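**Q** Take a look at this one; I'll ask things after.
The values are calculated or read from the model by the stated rules, or taken from the named source; none is laboratory data. Given the structure is predicted, the values throughout are model-derived calculations rather than measurements. Glycine gets a Cβ as well: all are built from the backbone with ideal geometry, and neighbour counts include every protein chain shown.
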Amino acid sequence: MQTHNLGYPRIGSNRELKKACEQYWAGKISQSDLLNKGKSISEQNWKLQLEAGIELIPSNDFSYYDQILDVSLTVGAIPKRYNQVAIQSNNEMDLYFAMARGYQKDGLDITAMEMTKWLDTNYHYIVPEFYRDQEFKLFSNKIINEFVSAKRLGINSKPVIVGPVSYLLLGKEKEDGFDKLDLVKKLLPVYIQILTELKAHGAQWIQFDEPFLALDINEKAKEAYKYVYAEIKKQFPQLKVLVTTYFEGLKDNLALATSLPVHALHIDLVRCPEQLDDVLNAIPDQLVLSLGIVDGRNIWKNDFEQSLAIIKKATDKLGNDRVLIAPSCSLLHSPCDLDLETNDKTLTPEIKQWLAFAKQKIDEVVLLKTLASETPDSNVLAKLEENKKAISSRRTSRLIHNEQIKQRVNSIVARDSQRENPFSIRKKAQQEVLQLPLFPTTTIGSFPQTDEVRSWRSKFKKGEISPAEYDNLLKKETEETIRWQEEIGIDVLVHGEFERNDMVEYFGEQLNGFTFTKNGWVQSYGSRCVKPPIIYGDVNRPEAMTVYWTEYAQSLTKSLVKGMLTGPVTILQWSFVRNDQPRSVTCNQIALAIRDEVVDLEKAGIKVIQIDEPAIREGLPLRKADWPNYLQWAVDAFKISASGVKDETQIHTHMCYSEFNDIIQNIADMDADVITIECSRSQMELLDAFADFKYPNEIGPGVYDIHSPRVPSKEEMVRLLQKAKAVIPADQLWVNPDCGLKTRHWEETKSALIAMVAAAKELSAN
Ligand code: GLN
Ligand code: ZN
């Protein structure tokens, strides 16, 4: 039995890579400084895994930006628009970052490659671009160089690369007239060349990540799998090829996956523990099975007893020699090191004992092997006892379990997720109270979070300014924002969200059942990292969370002020969640807390309340068969949060930056009175979907992109609105930007919103 790892976080335990990259991009450090930083992170990671006792240590899991972009560079899938960069800079790294981030220099202005979410994670990869005349050639030697570097440290590593079939499936055809899977014959020779070189340098193993083997794939993809791995076997009969799958079970691809002529197959037993029996039944003689048993996607300590039972089941059937032990997936999705969490006020010792980050997960993998295979010494047995204690303390802790909350979730009935009357009746009641004009204008919630506003918060947190001072500063900022919106004639105002650090953290900090880390960063894309809250216990709301600021803002004006909340699905989706109860249960607990807040806002006289759900689409399961169940509970959770109010209270929701076409029915089922939605990047294309389907409620298609400082003209927005008017009845239309304005500056925000209000006026005059 051997231990291995699929990949280690590369950001550095203090986000060293982020800082170095950003300094390099700003021209503050040289390329060799950056390369040295990257090298030292890789070496530290290798040494850490070596010292922990991992037997097969990955290499090429390090990346300066993204591992899929690395493959594109490796196999020379470099879109032609970057030719000039290659010529002008003659430098692989500059070319690489140009592909990732675009290039504006020396008279060139070249767009970046597209970025999208990595399967169902919050990590984003750079989407490969394929063209009809696509050729591949070995362009970058990164994978070989990394293997050689590890070897210099005495480590015969296991190089990691996304397999050829998944690589093609992750990409996008940029022209019509061909199928990306047909490129496999051209692509494979480059992989073969890589393997030839790795072998020449003494590599014995190779890890091909093939997550699509655990997804819904067509016949053509299945054929590609058979072809690729048969060819590799033919040319490298001795090489130990490990094919990995994760985030889902093999399910209908079981026969295919177990029939590939490879040395070992990795399965995710955290996401899909029930596949073990099927795999053990189907597995042919010789094939080695890698058990993904330590959760690479979450922060909970492994339950050793449970894992040991799984290992035993596998070794009983296969024997020790045919079993590998590993985390479920790359640890890229885990924070680095729990030992760095030293502030026991934010993360109490009781909670901390339940957690494991990447470094601790590596130790768990090694300990599991020791416990499973040898006659364990007293030292190791003590660790098992310690683990049992931690696991059982979590099972029973009063910090986690609150009977009242469980009761309340259990007694949710159908009525709780329904407004009193259907939309057609609510619409009339709302119009009477709200008296809104045709094409009402609003914004999505946040106004610019200037450096000044951020500095107040940081001073307040450090105790450098008093709570009262902080409060006054925020009040002044809020008041100015209200006054300005009144002045330019926005119909439904917002308070600006200046008191909020982040739309999930702000609520998590006020809810029971949440905790936070100081350093639990996880890479989101490139140098961007996020620090998700940890939901450890039953969630409830000890007191009102937003009433103070919303009420204050409303007290300043006779205009309508919209209350602003984050929805239950989004809070769930952007946190580390409990693994001791279904996600749907946690989501319902959050939904009830938000429901109470909505009701309190209504009591405080707020007549319009927005519940943001930008993450509802990204929660969709990877397998289509699981969609209906998810959509059922997710939509219900939203409705539970929204349905505690009277007909005349208008509920908005907001969504952005996702592909909504295939869940439009479910969005309609959410039954928000108004949905504001990002649209302008696609020039209102999205609206066609809403029109085809006859979206029944009101809708605010974003009329300008908030990601750019560019100020759109009134005419531009009028044109977009006319497009919208052509497919959606005028009395259903709202006018608003694409998303929140917190990343913008005031200057451009003001010009853009003035033009937006003018556009709405012009439209209603015609
Ligand atoms: N209300 C939030 C804001 O305006 C919405 C952000 C989002 O959709 N991500 O900032
Ligand atoms: Zn948004």
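**Q** Give the residue, chosen from 152, 101, that is charged (D, E, K, R) and touching a helix residue (DSSP H, G or I) at 6+ places or on another chain (Cβ under 9 Å).
**A** Details: 152 fails: touching a helix residue (DSSP H, G or I) at 6+ places or on another chain (Cβ under 9 Å).
Only one candidate qualifies: 101.
**Q** Filter the range 676-703 down to residues that are more than 20 Å from residue 718 (Cα to Cα) and without any contact (Cβ under 8 Å) to a residue 40 or more places away in the chain and give me whichever is surrounded by the most Cβ atoms within 10 Å (Cβ to Cβ). Don't jump to the end; show me each part of the working.
**A** Looking only at the range 676-703, we keep the residues that are more than 20 Å from residue 718 (Cα to Cα), and these are 689, 692-697.
In the following step, the residues that additionally are without any contact (Cβ under 8 Å) to a residue 40 or more places away in the chain were identified as 689, 692-695.
On the way: 689: 17, 692: 11, 693: 13, 694: 10, 695: 20.
Checking each candidate, the answer is 695.
**Q** Could you identify the single residue in 530, 569 that is within 16 Å of ligand 1 (Cβ to nearest atom), within 30 Å of residue 398 (Cα to Cα) and either without any contact (Cβ under 8 Å) to a residue 12 or more places away in the chain or surrounded by fewer than 22 Cβ atoms within 10 Å (Cβ to Cβ) (or both)? Don't jump to the end; show me each part of the working.
**A** Values: 569 fails: either without any contact (Cβ under 8 Å) to a residue 12 or more places away in the chain or surrounded by fewer than 22 Cβ atoms within 10 Å (Cβ to Cβ) (or both).
Being within 16 Å of ligand 1 (Cβ to nearest atom), within 30 Å of residue 398 (Cα to Cα) and either without any contact (Cβ under 8 Å) to a residue 12 or more places away in the chain or surrounded by fewer than 22 Cβ atoms within 10 Å (Cβ to Cβ) (or both) holds for just one of 530, 569, which is 530.
**Q** Let me ask you something else. Which one is farthest from ligand 1 (Cβ to nearest atom) among residues in the range 730-741 that are of a type outside the set (A, V, I, L, M) and more than 16 Å from residue 760 (Cβ to Cβ)?
**A** Of everything passing the filter in the range 730-741, 739 is farthest from ligand 1 (Cβ to nearest atom).
**Q** Filter the range 524-565 down to residues that are farther than 29 Å from residue 14 by Cα and of a type in the set (Ser, Thr, Tyr), then give me how many there are.
**A** Selection size over the range 524-565: 7.
**Q** How many residues does the range 573-631 contain that are outside any helix (DSSP H, G or I), in contact with a Pro (Cβ under 8 Å, 6 or more places away or on another chain) and away from ligand 2 (no atom under 16 Å from the Cβ)?
**A** Counting residues in the range 573-631 that are outside any helix (DSSP H, G or I), in contact with a Pro (Cβ under 8 Å, 6 or more places away or on another chain) and away from ligand 2 (no atom under 16 Å from the Cβ) gives 2.
**Q** Given the options 611, 606, 594, 590, name the one that is of a type in the set (A, V, I, L, M), more than 24 Å from the chain's Cα centre (by Cα) and closer than 30 Å to residue 552 by Cα. Spell out how you get there, then give the answer.
**A** Values: 611 fails: more than 24 Å from the chain's Cα centre (by Cα); 594 fails: more than 24 Å from the chain's Cα centre (by Cα); 590 fails: more than 24 Å from the chain's Cα centre (by Cα).
Just one listed residue meets the conditions, 606.
**Q** Is there a residue in the range 185-206 that is assigned to a strand (DSSP E or B) and β-branched (Val, Ile, Thr)? Before you say what the answer is, go through the steps one by one.
**A** The initial filter retains those residues of the range 185-206 that are assigned to a strand (DSSP E or B), namely 205-206.
Imposing the further condition that a residue be β-branched (Val, Ile, Thr) reduces the set to 206.
Scanning the range 185-206 turns up at least one residue that is assigned to a strand (DSSP E or B) and β-branched (Val, Ile, Thr).
**Q** Which helices (runs of 4 or more DSSP H) does the range 350-457 wholly contain that include 2 or more residues that are among the polar types (S, T, N, Q) and either within 16 Å of ligand 1 (Cβ to nearest atom) or farther than 29 Å from residue 495 by Cβ (or both)?
**A** Numbers: elements: 358-373, 378-396, 403-410, 423-434.
Once the helices (runs of 4 or more DSSP H) in the range 350-457 are filtered for at least 2 residues that are among the polar types (S, T, N, Q) and either within 16 Å of ligand 1 (Cβ to nearest atom) or farther than 29 Å from residue 495 by Cβ (or both), what remains is 358-373, 378-396, 403-410.
**Q** Okay, moving on. Quickly run through the range 543-564 and pick out the residues that are in contact (Cβ under 8 Å) with a residue 60 or more places away in the chain, within 25 Å of residue 675 (Cβ to Cβ) and not polar (S, T, N, Q).
**A** Filtering the range 543-564 for residues in contact (Cβ under 8 Å) with a residue 60 or more places away in the chain gives 549, 552-553, 556-557, 559-562, 564.
Checking which are within 25 Å of residue 675 (Cβ to Cβ) leaves us with 549, 553, 557, 559-562, 564.
The answer is 549, 553, 560, 561, 562, 564.
**Q** Would you say residue 482 is within 16 Å of ligand 1 (Cβ to nearest atom), more than 24 Å from the chain's Cα centre (by Cα), surrounded by 15 or more Cβ atoms within 10 Å (Cβ to Cβ) and not in a helix (DSSP H, G or I)? Step through it out loud before you land on a result.
**A** Values: within 16 Å of ligand 1 (Cβ to nearest atom): yes; more than 24 Å from the chain's Cα centre (by Cα): yes; surrounded by 15 or more Cβ atoms within 10 Å (Cβ to Cβ): yes; not in a helix (DSSP H, G or I): no.
Considered against the rule, which asks whether it is within 16 Å of ligand 1 (Cβ to nearest atom), more than 24 Å from the chain's Cα centre (by Cα), surrounded by 15 or more Cβ atoms within 10 Å (Cβ to Cβ) and not in a helix (DSSP H, G or I), residue 482 comes out as no.
**Q** Here's another thing I want to ask about it. For the range 708-758, give me the residue count where each residue is over 26 Å from residue 653 (Cβ atoms), in contact (Cβ under 8 Å) with a residue 60 or more places away in the chain and outside any loop (DSSP other than H, G, I, E, B).
**A** Qualifying residue count, the range 708-758: 3.
**Q** Suppose we filter 699, 651, 675, 616 for residues that are in contact with a strand residue (DSSP E or B) (Cβ under 8 Å, 6 or more places away or on another chain) and over 28 Å from residue 435 (Cβ atoms); which single one remains?
**A** On the way: 699 fails: over 28 Å from residue 435 (Cβ atoms); 651 fails: over 28 Å from residue 435 (Cβ atoms); 675 fails: over 28 Å from residue 435 (Cβ atoms).
Of 699, 651, 675, 616, the one residue that is in contact with a strand residue (DSSP E or B) (Cβ under 8 Å, 6 or more places away or on another chain) and over 28 Å from residue 435 (Cβ atoms) is 616.
**Q** Condition first: buried (at least 21 other Cβ atoms within 10 Å of the Cβ) and either free of Cβ contacts under 8 Å to residues at least 12 places away in the same chain or within 18 Å of the chain's Cα centre (by Cα) (or both). Now tell me which residues in the range 492-516 satisfy that.
**A** 503, 504, 508
Quick grid of which residues meet (1) surrounded by fewer than 16 Cβ atoms within 10 Å (Cβ to Cβ); (2) of a type in the set (A, V, I, L, M, F, W, C); (3) touching a Gly at 6+ places or on another chain (Cβ under 7 Å); (4) modelled with pLDDT of 95 or more:
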{"residue": "2", "(1), (2), (3), (4)": "no, no, no, yes"}
{"residue": "28", "(1), (2), (3), (4)": "yes, no, no, yes"}
{"residue": "41", "(1), (2), (3), (4)": "no, yes, yes, yes"}
{"residue": "67", "(1), (2), (3), (4)": "no, no, no, yes"}
{"residue": "70", "(1), (2), (3), (4)": "no, no, no, yes"}
{"residue": "77", "(1), (2), (3), (4)": "no, yes, no, yes"}
{"residue": "91", "(1), (2), (3), (4)": "yes, no, no, no"}
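**Q** Name every residue in the range 233-261 that is in contact (Cβ under 8 Å) with a residue 40 or more places away in the chain and closer than 16 Å to residue 166 by Cα, in order of residue number.
**A** 242, 243, 244, 246, 247, 248, 253, 256, 257 - these are the residues of the range 233-261 that are in contact (Cβ under 8 Å) with a residue 40 or more places away in the chain and closer than 16 Å to residue 166 by Cα.
**Q** Kindly evaluate residue 381 against the criterion of being at pLDDT below 95, in contact with a Ser or Thr (Cβ under 9 Å, 6 or more places away or on another chain) and more than 20 Å from residue 158 (Cβ to Cβ). Talk me through it step by step, then tell me what you get.
**A** Details: at pLDDT below 95: yes; in contact with a Ser or Thr (Cβ under 9 Å, 6 or more places away or on another chain): no; more than 20 Å from residue 158 (Cβ to Cβ): yes.
So residue 381 fails the test.
**Q** Looking at 430, 404, 449, 435, which is the one that is surrounded by 18 or more Cβ atoms within 10 Å (Cβ to Cβ) and more than 30 Å from residue 747 (Cβ to Cβ)?
**A** 430
**Q** Got a number for residues in the range 632-653 being closer than 22 Å to residue 583 by Cβ, within 16 Å of ligand 2 (Cβ to nearest atom) and not in a helix (DSSP H, G or I)?
**A** Selection size over the range 632-653: 1.
Matching residues to (1) away from ligand 1 (no atom under 15 Å from the Cβ); (2) more than 16 Å from residue 590 (Cβ to Cβ); (3) at pLDDT 95 or above:
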site	(1), (2), (3)
611	no, no, yes
621	yes, yes, yes
632	yes, yes, yes
637	yes, no, yes
644	yes, no, yes
649	yes, yes, yes
658	no, yes, no
664	yes, yes, no
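**Q** In the range 389-428, which residues are touching a Lys or Arg at 6+ places or on another chain (Cβ under 8 Å) and within 30 Å of residue 486 (Cα to Cα)?
**A** Listed by number, the list holds a single entry, 426.
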